[in-house]
1. Starting from the range 135-164, keep only residues that are within 17 Å of Gln95 (Cβ to Cβ), then list their pairs with residues that are polar (S, T, N, Q) and loosely packed, with under 15 Cβ neighbours inside 10 Å whose Cβ atoms are within a distance under 7 Å, requiring at least 6 positions of separation or different chains.
2. Is at least one residue of the range 18-26 surrounded by 12 or more Cβ atoms within 10 Å (Cβ to Cβ) and outside any strand (DSSP E or B)?
3. Take Ser29 and tell me if it is within 16 Å of the chain's Cα centre (by Cα), polar (S, T, N, Q), closer than 28 Å to Pro124 by Cβ and not in a loop (DSSP other than H, G, I, E, B).
4. Please pick out the residue among Gly59, Gly39 that is on the phi > 0 side of the Ramachandran plot and not in a strand (DSSP E or B).
5. Looking at Leu86, Leu60, Leu101, Leu71 in this structure, which one is farther than 29 Å from Phe27 by Cα and under 10 Å from the mean Cα position of the chain (by Cα)?
6. Tell me, please, whether a residue that is touching a Lys or Arg at 6+ places or on another chain (Cβ under 8 Å), in a loop (DSSP other than H, G, I, E, B) and surrounded by fewer than 20 Cβ atoms within 10 Å (Cβ to Cβ) can be found in the range 136-154.
7. Consider Val111 carefully, then state whether it is of a type in the set (Val, Ile, Thr) and in contact with a Leu (Cβ under 7 Å, 6 or more places away or on another chain).
8. Do we find a residue being in contact with a Leu (Cβ under 8 Å, 6 or more places away or on another chain), assigned to a loop (DSSP other than H, G, I, E, B), touching a residue at least 40 places away in the same chain (Cβ under 8 Å) and crowded, with 17+ Cβ neighbours inside 10 Å anywhere in the range 67-84?
Amino acid sequence: MKRIATPVKDLVLLEPKVFGDDRGFFFESYNRRTLAELGIEEDFVQDNHSRSRRGVLRGLHYQIRNIQGKLVRAVAGEIYDVAVDLRRSSPTFGQWHGVLLSADNKLQFYVPPGFAHGFLVVSPVAEVLYKATDFYAPEHERCILWNDPRLAIQWPLEEKPVLSAKDREGVAFSEAPLFP
């Protein structure tokens with residue numbers, strides 16, 4: 001597995017070694033030892049799987065307690081995946097980075113604890129799997145508006161996104177509870 005740095009501190013893109021032939025392909029999507037060698041020493045405790053149609057935007061989500069790091073990948077279709085640094089002490093506080101994750105490119109995005117996370121489905125359908133470093137705690141979940149002008153995320157939108165009620169009611173970055 002190859003570690004690819006991003007412009008935002010601690011956000012990492014991971015490119016697996018893919019072995020393919022006329023039968024298909026094989027790759028190791030998770031290996032605790034390999035990730036530790038790449039500097040990611042997380043204890044993932046929960047796997048999540050979502051399926052969404054084109055134009056669905058989920059996020060920007062995070063938990064203020066039971067803070068979750070995530071290892072995200074698309075196993076079907078393609079998404080534009082975004083993480084925002086919410087750590088006040090970070091040199092990249094308030095910055096975001098987005099990346100295309102797809103079943104074809106097999107890339108994974110490591111989003112450490114202290115970040116908000118969201119994605120936009122850009123293919124007809126996408127299935128997303130992600131590992132989390134802490135358990136889901138709905139009472140601690142928070143949401144920042146996906147289109148907050150302070151963040152100015154450049155979502156590759158073709159039309160108005162499909163949002164959940166929770167995502168429509170997200171708060172501005174300036175009003176969101178943040179991390180030290």
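Laboratory data are not the source of any read-out in this text; all were calculated from the coordinates shown. Bear in mind the structure is a predicted one, so any value in this text is a computation, not a measurement. Cβ atoms come from the backbone with ideal geometry, glycine included; neighbour counts cover every protein chain shown.
1. Cβ pairs passing all conditions: Arg150/Ser174.
2. No, the range 18-26 contains no residue that is surrounded by 12 or more Cβ atoms within 10 Å (Cβ to Cβ) and outside any strand (DSSP E or B).
3. No; evaluated as a whole, the condition is false for this residue.
4. Values: Gly59 fails: not in a strand (DSSP E or B).
Residue meeting the stated conditions: Gly39.
5. Working: Leu86 fails: under 10 Å from the mean Cα position of the chain (by Cα); Leu101 fails: farther than 29 Å from Phe27 by Cα; Leu71 fails: farther than 29 Å from Phe27 by Cα.
Step by step, each of Leu86, Leu60, Leu101, Leu71 is checked, and only Leu60 is farther than 29 Å from Phe27 by Cα and under 10 Å from the mean Cα position of the chain (by Cα).
6. Scanning the range 136-154, I find at least one residue that is touching a Lys or Arg at 6+ places or on another chain (Cβ under 8 Å), in a loop (DSSP other than H, G, I, E, B) and surrounded by fewer than 20 Cβ atoms within 10 Å (Cβ to Cβ), so the answer is yes.
7. Answer is yes for this residue.
8. no
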